[in-house]
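Have a look at the structure below, then the notes.
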Amino acid sequence: MREWISSPRRRRAMLGVGMLIAVLVALTAAVVALGTDLSRRTLIVFLLNAMLVLGLQVFIGDTGIVSFGHVAFMGMGAYLTALLTIPPRVKALQVPDLVALLAHAHLGLIPAVVVSALVTALVAAVLGGGLIRMQEGAMAMATLALLVIAYALFQNWESVTRGTLGLFGIPADTTAWVALAGAAVFVVVARVYKESRAGLRVRAAREDPLAAKALGTNVVRVRYGAWILSASMMGAAGSLWALSVLAFDPNQFFFAATFSLLAMLVVGGKTSVTGAVLGAAVVTFLQDTLSRVEQGVRIGSIELPRLTGTVDFVIALLIIVSLIWRPEGVMGRREIEDLLRRFRRSVPQKGGDQHVALGRVEAPANDGAVLSAEAIDKRFQGLIALSGVSLTVATGEILGLIGPNGSGKTTLLNVVSGILPPDGGRVRLGGRDVTSLPPHQVATLGLARTFQNIRLFSHLTVRENVSAVIDDDDPAVVTRVLGWLQLDDVADEEAANLPYGAQRRLEIARAVALRPRVLLLDEPAAGMNENESDGLVRTIRQIRDELGCGLVVIDHDLRLIMQLCDRIQVLDQGRTIAIGSPKEVADDPAVIEAYIGRNEAEVTGPP
Ligand code: ADP
Ligand code: MG
């Protein structure tokens, strides 16, 4: 735990958690001491809503996948808790055919909540096995189906749920203080998860799943973790909810609840834990006030008529207005401590702790090729993108890969890094056959890459972009890598806000942080001026020297390629047309033909 808190990012997060809980404690104390019964009731509703929205936030906010099904888990928690806590004699009147284990159960608050959370987690683990591999949109649809199935089950499994009549006689154990404790625990869980390694990776996958995979994240697995955690939070929150309402029926776990919880999440800001709590506060307050208006109110001598549907109407309006006016919610991507930071901007930590060694502990043992691709074929429908292309890189070698646009360079990197399966040929990394491995495993075995069209984790900070790919998440390594690529001054900026050149450098930093045995750079100098690309040459050499890795560099800037590379391989129309030292390749008639003969526009320097 001490190690966990050692990173500055996490220390700040703990400050935020403390502030948020302090606000909740103050609010609860004030309402309990000064409020009416009615306002105490509203406070409990708010705290329970905050728990439910935090449960949603962990999945929807952190993975970026919409779920319409989470209220089903709330329902499971509520039913389970009702069956575990209603006095057995009262239970026997309602559901006489219940299995003995449940019929005799008479648990207290804490055991009921714990059992509900665990059972919901288990159910989510089973259901999630099928759902979590789907594409984001398909998964959202499947969660909607889940909601409908759960509702049908709650309505029709009468021997357990008492169908549409619902269950009653649940003890009123959820006091304001209990609800506060629940909300406080959830604030901690949601925030610790968000800042944890798994949480950081799942957020990186939210920004760019392909880049996350290519840099070593098992996207399906981290999403699965978020799914189970958030479902068990919904189960626990549903449990406390049941212990506050005395009686309920299936209609409480359907569209209305889903809609209102999603409204809270959207209004507050779905990527923010603070936003989830704030959204719960705003919407609960509105619902509470409006439901009184809905009953008909008297203002002075004027009596307003009953206005059925006011609550839903206004909440729907609020969603639309908030999506137009503040699509990211009131809090946006900020947390509560960021509001302070405006006044006390954190001083960027200067990087360049030159003593942190970046080289892998296991020295590159292999003498020969660290990466080799043999006779790779790749077709896209009719188009032959690669035909029998081989490539080898030795440890410490810089190989230049050049060729006109469309000659298959990027495709070769995609095959080598496991993003595209080849139609023929093999890929070996450090002597191991990696041809059919998924990209995240290839990355873990020591291959890192950048992308021709920059693929950063746009809404994460520069520091988070780098941390997300590192296993030990060592702040010293992150700081060192950022210093190396002159990114230390912008470490706390969002990647999307960086100028173009810095974005290119961040892509390299992120790949370097993986401490790969082979690094693939796809057009790193694109869009750079001469000065910048000279700087890049120095940086790439430094990477090679320090990591002792092999490099493949694709670029159209032949001046850069000639300066930098030990060997150059030239592709044209999916075939290798030349390979050799810079001098040999520059003198090769086939290369001159490919470049000058057909693609003059691409030559940016004398070959
Ligand atoms: P380079 O990086 O050398 O410019 P690419 O590897 O991007 O070339 O492309 C090689 C050929 O394969 C091009 O004709 C391109 O249109 C085609 N291609 C690349 N990726 C795909 C894809 N995912 N689907 C269909 N065609 C593709
Ligand atoms: Mg390309």
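The values are calculated or read from the model by the stated rules, or taken from the named source; none is laboratory data. Keep in mind that this is a model prediction, so the values were computed, not measured. Virtual Cβ from ideal backbone geometry, glycine too; neighbours counted across all protein chains shown. Protein only, heavy atoms only, side chains kept; ligands, DNA and RNA dropped before computing areas. Shrake-Rupley method; radii C 1.70, N 1.55, O 1.52, S 1.80 Å.
Restricting the stretch 520-554 to residues that are within 13 Å of ligand 1 (Cβ to nearest atom) and open to solvent by 10 Å² or more (accessible area, probe 1.4 Å), which is nearest to residue 214 (Cα to Cα)?
523
Would you mind finding the one in 139, 134 that is closer than 30 Å to residue 210 by Cβ, without any contact (Cβ under 8 Å) to a residue 40 or more places away in the chain and not hydroxyl-bearing (Ser, Thr, Tyr)?
Being closer than 30 Å to residue 210 by Cβ, without any contact (Cβ under 8 Å) to a residue 40 or more places away in the chain and not hydroxyl-bearing (Ser, Thr, Tyr) holds for just one of 139, 134, which is 134.
Would you check which residues across the stretch 423-439 are open to solvent by less than 30 Å² (accessible area, probe 1.4 Å) and over 19 Å from residue 550 (Cβ atoms) and list them?
Scanning the stretch 423-439 gives a single hit, 424.
Give the stretch 424-436 a look and list any residue that's free of Cβ contacts under 8 Å to residues at least 60 places away in the same chain and more than 18 Å from residue 411 (Cβ to Cβ), or say none. It would help to see each step written out before you state the result.
Applying the first criterion (free of Cβ contacts under 8 Å to residues at least 60 places away in the same chain) to the stretch 424-436 yields 424-428, 432-436.
Within the stretch 424-436, 428, 432, 433 qualify.
Could you tell me whether residue 80 is open to solvent by 10 Å² or more (accessible area, probe 1.4 Å) and under 21 Å from residue 261 (Cβ atoms)? Full working, then the answer.
Working: open to solvent by 10 Å² or more (accessible area, probe 1.4 Å): yes; under 21 Å from residue 261 (Cβ atoms): yes.
For residue 80, the condition - open to solvent by 10 Å² or more (accessible area, probe 1.4 Å) and under 21 Å from residue 261 (Cβ atoms) - is met.
Tell me which residues, restricted to the stretch 85-97, are within 13 Å of residue 246 (Cα to Cα) and either outside any helix (DSSP H, G or I) or open to solvent by 10 Å² or more (accessible area, probe 1.4 Å) (or both).
Passing the criteria: 86, 87, 90.
Does any residue in the stretch 154-170 that is part of a helix (DSSP H, G or I) come within less than 7 Å, Cβ to Cβ, of a residue that is open to solvent by 60 Å² or more (accessible area, probe 1.4 Å) six or more places away or on a different chain, and which pairs are these?
As it stands, the answer is 155/164; 159/97; 163/156, since those pairs meet every condition given.
Of all residues in the stretch 1-16, which are modelled with pLDDT under 80 and open to solvent by 80 Å² or more (accessible area, probe 1.4 Å)?
Start the filter on the stretch 1-16 by keeping residues that are modelled with pLDDT under 80, which leaves 1-9.
1, 2, 3 - these are the residues of the stretch 1-16 that are modelled with pLDDT under 80 and open to solvent by 80 Å² or more (accessible area, probe 1.4 Å).
Taking the condition of being within 8 Å of ligand 1 (Cβ to nearest atom) and outside any loop (DSSP other than H, G, I, E, B), how many residues in the stretch 414-445 meet it?
Qualifying residue count for the region: 1.
Which count do you get for residues in the stretch 370-413 that are away from ligand 1 (no atom under 16 Å from the Cβ), of a type outside the set (Val, Ile, Thr) and buried (at least 20 other Cβ atoms within 10 Å of the Cβ)?
Count: 1.
Under 6 Å between Cβ atoms, at least 6 apart or on separate chains: pull out the pairs that start in the stretch 549-564 with a residue that is farther than 16 Å from residue 592 by Cα and end on any residue that is acidic (Asp, Glu) and open to solvent by 10 Å² or more (accessible area, probe 1.4 Å).
Pairs that qualify, where the first residue is farther than 16 Å from residue 592 by Cα and the partner is acidic (Asp, Glu) and open to solvent by 10 Å² or more (accessible area, probe 1.4 Å), are 550/397; 554/523; 555/523.
Out of the stretch 183-214, which residues are within 18 Å of residue 46 (Cβ to Cβ) and open to solvent by less than 10 Å² (accessible area, probe 1.4 Å)?
Result: 183, 187, 190.
Looking at the stretch 137-156 only, could you name the residues that are surrounded by fewer than 14 Cβ atoms within 10 Å (Cβ to Cβ) and either among the β-branched types (Val, Ile, Thr) or closer than 24 Å to residue 92 by Cα (or both)?
Matches in the stretch 137-156: 149, 152, 156.
Condition (residue is modelled with pLDDT of 95 or more, in a strand (DSSP E or B) and more than 14 Å from ligand 1 (Cβ to nearest atom)) applied to the stretch 557-566: is it met by at least one residue?
Within the stretch 557-566, none of the residues are modelled with pLDDT of 95 or more, in a strand (DSSP E or B) and more than 14 Å from ligand 1 (Cβ to nearest atom).
Pairs under 6 Å by beta carbon, first residue in a strand (DSSP E or B) in the stretch 385-406, partner crowded, with 22+ Cβ neighbours inside 10 Å and basic (Lys, Arg), six or more apart or different chains?
Filtered contacts from the stretch 385-406: 385/378; 386/378; 401/409.
Within the stretch 274-285, can one find any residue that is of a type outside the set (Asp, Glu), within 27 Å of residue 12 (Cβ to Cβ) and touching an Asp or Glu at 6+ places or on another chain (Cβ under 7 Å)?
Yes, the stretch 274-285 contains a residue that is of a type outside the set (Asp, Glu), within 27 Å of residue 12 (Cβ to Cβ) and touching an Asp or Glu at 6+ places or on another chain (Cβ under 7 Å).
For the stretch 493-507, which positions are assigned to a helix (DSSP H, G or I) and over 21 Å from the mean Cα position of the chain (by Cα)?
500, 501, 502, 504, 505
Please determine whether any residue of the stretch 33-42 is open to solvent by 10 Å² or more (accessible area, probe 1.4 Å), among the hydrophobic types (A, V, I, L, M, F, W, C) and touching a residue at least 12 places away in the same chain (Cβ under 8 Å).
No - not one qualifying residue is present in the stretch 33-42.
Can you tell me which residue among 58, 71, 66 is at pLDDT 95 or above, not in a helix (DSSP H, G or I) and not basic (Lys, Arg)? Before you say what the answer is, go through the steps one by one.
Details: 58 fails: not in a helix (DSSP H, G or I); 71 fails: not in a helix (DSSP H, G or I).
Every option except 66 fails the conditions.
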